[in-house]
Ligand code: F6R
């Protein structure tokens, strides 16, 4: 794992966007794993302004609320359309979001896993992190081996996402269909982005704490190719900053990204 701290959220977002752009330039038919949430809105805005073409890409989103129609303004399918798919040249047929409206959720989960496999697996998976330590909607006690399935959200997560539902946590759906931790760990590369002081404690627990299903994001420590990009605020509780900064300042792979 590498942990890269940028001075501002804007710079952290730009770095993540550049990494994705570069992946797509090297492999135009890349399979991208996508995340939603407020942090990612800026990444999609940045990507939409870039010169990258997503024409040949296939995308898989991490999660979707259960029970929200896909045209509901709060559904993640709608979010993706609004922030990204409508702004770039991607073929909408090649965009997959778990089907939270399916009558048979288990079948929908199996179909989603099969679609990832048919696409050849995910090359680069974008991740945010929730204050409850989730990646995707893998709430505490999610098995590290878990696959796509329905999951009950924690009150803390519903509180975190209340702003998108008029500030009322009770309006946030109670359940979601989410890629499992095991599904996420199968991607060939993980890029986790976190910004702001509210994420500082959970970022430190994910990166430096014990690997535990109580903090699903700590499972990224098991991944051989994982980058964590944070701003100064989100890096606030990290103990090993000196070494992480040294790696970014010295490793050749980061040279072209140092002047952001
Ligand atoms: C959403 C997702 C979540 C979010 C996380 C952070 O698809 O996978 O794990 O990335 O809840 O959300 P924000 O960025 O709104 O703090």
Value of [θ]222 nm, deg cm²/dmol, for the chain, DSSP H segments ≥ 4, -39500 (n - 2.57) each, nearest 500: -9000 deg cm²/dmol
Modelled label reach - residue 175, point 7 Å along Cα→Cβ, the stretch 59-88 residues with backbone N closer than 14 Å: 64-68
Inter-site label distance for residue 214 and residue 188 at 7 Å from Cα along Cβ, in nm: 3.7
DSSP-defined antiparallel bridges as percent of all bridges, the stretch 134-238, nearest 5: 50
The stretch 69-196: antiparallel DSSP beta bridges as a percent of all, rounded to 5: 50
Stretch gain in nm, segment residue 242-residue 88, where the contour uses 0.36 nm per residue and the Cα spacing is subtracted: 51.6 nm
Anisotropy class of the stretch 29-144 from Cα gyration tensor, a/c 1.5 cut: rounded
For the chain, share of DSSP beta bridges that run antiparallel, in % to the nearest 5: 25
Gained length - residue 141 relative to residue 254, 0.36 nm times residue gap less alpha-carbon distance: 37.2 nm
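Just so you know, all these numbers are worked out from the coordinates, no wet-lab data involved. Just so we're clear, the structure is a prediction, and the values are computed from it rather than from any experiment. For neighbour counting, all protein chains shown are included, and Cβ atoms are generated from backbone atoms with ideal geometry for every residue, glycine included.
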